[in-house]
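Read the figures in this text as sums done on the coordinates, not as results from a lab. Note that the coordinates shown come from a computational prediction; the quantities given were computed from them, not determined experimentally. Glycine gets a Cβ as well: all are built from the backbone with ideal geometry, and neighbour counts include every protein chain shown.
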Amino acid sequence: VKKELAEGEEKLQPYARDEKLARPWAIPGTPHLEHRIGGLEKENITGNISYEPENHQLMVKIRQEKVDKIANYIPEQKLDSGPEKGDILVLGWGSTYGAIKSACADMQRKGQAVSHAHLRYVRPFPKNLGILLKNFKKVLVPEINNGQLVKIIRDEFLIDAQPYNKIMGIPITKTELVSELEKMLAQ
């Protein structure tokens, strides 16, 4: 990552941004580059403390745009296994990988159009995730929690992704997922 260092020639505008919404870095102690940091909302461009509602709304929008732009620098989502289009996509993240991989391999050996994708980036999602999800009739999201990811997937992509949640302090098993996939295929 290339950091643009501010020069001490003119007054620093600490919240001026480039096209990537990155701000110049000021090396502490550099004459004429003094500015305020801290938790209070800052005015766009100058960095002065601001209590103005319009400025706050703008700064929140800019922060969201910065997060959204990260998607330009992360790889596209790929399938870990299975066909590009099919009946079910099992979408996982984290420690569910092994159980999902094994369950999908079993279903594929049985001739079922079941695929597996495992997320490595969640906020933001890879740019192509929505297209990938819509290539499948159903999406199953196994999670060892109360379904936080499936709720975000439903909200962001407006698809009826189905949860499989297990909150018992033990991993999801291949057998449990195969059983769930068989139920979904029978519907």
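Brief remarks on what is shown
- Distance in nm between pseudo-label sites at H35 and D155 (7 Å out along the Cβ direction from Cα): 3.1 nm
- Gaussian network model of the chain, springs between alpha carbon atoms under 10 Å - residue of L58, L119, L91 with greatest fluctuation: L58
- Seen from S102, the other residues with C-beta closer than 15 Å to its C-beta sum to a net charge of -1, counting Lys and Arg as +1 and Asp and Glu as -1.
- Cβ-Cβ distance of E176 and Q64, R₀ of 41 Å, FRET efficiency by 1/(1 + (r/R0)^6): the value works out to about 0.65.
- Summarising the label geometry, the points placed 7 Å from Cα in the beta-carbon direction at Q187 and N146 lie 2.2 nm from one another.
- Three-way shape call for the stretch 1-73 based on the alpha-carbon gyration tensor, with the a/c threshold at 1.5: oblate
- Average Cα contact separation per residue, the chain, under 8 Å, 6 or more apart, as relative contact order %: 17 percent
- Helix-only [θ]222 nm of the chain, DSSP H runs n ≥ 4, -39500 (n - 2.57) each, per residue, nearest 500: -9500 deg cm²/dmol
- Overall form of the stretch 86-186 per C-alpha gyration tensor (a/c, 1.5; a/b vs b/c): oblate
- Contact order relative to length of the stretch 86-186, as percent, for alpha carbon pairs under 8 angstrom and 6 or more apart: 34 percent
- Read-out Cα Rg over 2.2 N^0.38 Å, derived from the coordinates shown; its label in (i) 1.42; (ii) 1.52; (iii) 1.89: (i)
- For Q13 and R123, a Förster radius of 22 Å and the Cβ-Cβ distance give a FRET efficiency of 0.15, rounded to the nearest 0.05.
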